Amino acid sequence: MLLDSIGKKVKVAREVSQAIGLENVDFIHSRMEDEKRKFDFAVSRAVMPLPDLEKIVRKNISSEQSNALPNGIICLKGGNLASELSPFKNKAEVFSLSSYFPEPFFLFLQTRIVSSAGLERCLDRAEVVGSNPTQFTA
């Protein structure tokens, strides 16, 4: 299921999925706050602060595990995340995206997985500022 509060994004996602022949997806024009269903993962580009996102999405994360990774939130997020991640300290593991993607864009990007009681999992990226990336430590 792809859910977004912006109708144009939903329309584009629908058209792209039709163009590539993707059939196993639903498109919902709504807000996550209004969604009642449970999912293994919620994927977001995370514009809002992570603690706020976690509060909104927590109700939608299924407690029944059926994957190798714990259920939770996966989000790509930039900027200075130190203060946003402080509620999740000692629950994070950092991965370099350049280990998975060879393109130069990913050279300084990092993935941070945040897990709280095995339910929330967040992937974050460090923002590249000029040639100096913002670094985070777990």
Inset, instruction - Looking at (1) of a type in the set (S, T, N, Q); (2) farther than 18 Å from SER62 by Cβ; (3) touching a helix residue (DSSP H, G or I) at 6+ places or on another chain (Cβ under 9 Å), find the lone condition where SER17 falls short. - result: (3)
Legend entry - Single residue of GLU64, GLU15 found to be acidic (Asp, Glu) and outside the structural domain of PHE88 (by TED's automatic domain parsing): GLU15
Legend entry - segment 1-57, residues that are in contact (Cβ under 8 Å) with a residue 60 or more places away in the chain and either polar (S, T, N, Q) or loosely packed, with under 10 Cβ neighbours inside 10 Å (or both): none
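The values are calculated or read from the model by the stated rules, or taken from the named source; none is laboratory data. Computed from a prediction, not measured in an experiment: that's the story for all the values here. Using ideal geometry, Cβ is built from the backbone for each residue, glycine included, and neighbour counts are taken over all protein chains shown.
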